[in-house]
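All of the numbers you see were taken from the coordinates with simple rules; none came from a lab. Source: prediction; values computed, not measured. Glycine also receives a Cβ, built like all others from the backbone with ideal geometry; neighbour counts cover every protein chain displayed.
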Amino acid sequence: MTPNFLVILGSALIPFVIAIGWFHKNLFGGTNWHEMSDMSKEKAASPVKPLKLFLSITLNIFLAGGIYVFTIHEAGVFGMLGGDAALMKTGTAAAFLKEYGGHFHTASHGLAHGFAATLLYVLPVLGYVVIFEKKSSKYFWVYLGYWWICLTLMSIVISLWGANPI
């Protein structure tokens, strides 16, 4: 299996789409988000500079690539072969992929990996932010929920469509 880069790029947009609703004034983040993040309404209303938007898209692409490696188990075989897709068609790699490849490309598998990524990566990093920046527990739960939904949806999309068969 090789990465389907269009799906990975598309899944990188998921955090933007979710943020539109999640941080809307009538939902979870809402007007409290300004208070929780110590952001003035004026600062929040100012447009995002193009460089920062580009950087956030780039970070989302890195995140989607990481989710691909975390969710698509065949990526490990591809990596051990130095990224040479031709080697995946012969020998031990081909036999391994014939027997085990493609078994876990389901929505439930993506859901499990989205939960695991949130638990193993987001929770500890966000925990440090909350502890050492003295943020509230509400801040923690709003952001943990946001990233759980984002990573779960990204993992489901990548699990279903993110790998090209060899």
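Could you give the DSSP H helices of the chain that reach 27 angstrom or more along their long axis (alpha carbon positions) and whose average Kyte-Doolittle hydropathy is no lower than 0.0? Length and hydropathy pass: 50-71, 137-161. By the beta-carbon count within 10 Å of each Cβ, the least crowded to most crowded order of 159, 136, 37, fewest first, is 136, 37, 159. Overall, the ratio between the Cα radius of gyration of the stretch 1-82 and 2.2 N^0.38 Å, rounded to two decimals, is 1.45. Return the tail of the calculated pair distribution for the chain, meaning the percent of Cα-Cα pairs more than 21 Å apart. Across the chain, Cα pairs with separations above 21 Å total 55 percent. Over the chain, DSSP H runs of length four or greater, each weighted -39,500 (n - 2.57), average out per residue to a 222 nm ellipticity of -21000 deg cm²/dmol. For the stretch 17-61 and the stretch 89-166, what is the separation of their Cα centres, given in Å? After rounding, the separation between the Cα centres reads 23 Å.
Of 18, 149, 131, the residue with the greatest mean-square motion in the GNM of the chain, using alpha carbon springs below 10 Å, is 131.
Percent of Cα pairs in the stretch 70-109 per distance bin of 5 Å, from zero to the largest separation: 6, 25, 32, 21, 10, 6, 1.
For the pair residue 131/residue 81, report the inter-label distance in nm, with labels modelled 7 Å from Cα in the Cβ direction. Here the answer is 4.3 nm between the modelled labels. For residue 89, the lysines whose Cα comes closer than 21 Å to its Cα, not counting residues fewer than 8 places off in the same chain, are 98.
With R₀ set to 35 Å, the beta-carbon distance separating residue 57 from residue 94 gives a calculated FRET efficiency near 0.45.
Here the dipole of the chain is about 400 debye; that uses its Cα centre as origin and unit charges on the Cβ of Lys and Arg (positive) and Asp and Glu (negative).
Here is the list for the stretch 6-101: trypsin sites (Lys or Arg not before Pro) lying in DSSP coil, each with at most 12 other C-beta atoms within 10 angstrom of its C-beta, are 25.
Cross-link partners for residue 41 among the lysines, with Cα-Cα distance under 25 Å and sequence neighbours closer than 8 places in the same chain left out: 25, 49, 52, 134, 135, 138.
Translational diffusion coefficient of the stretch 100-166 (Stokes-Einstein, Kirkwood radius from Cα pairs, 37 °C, 0.692 mPa s): 254 µm²/s.
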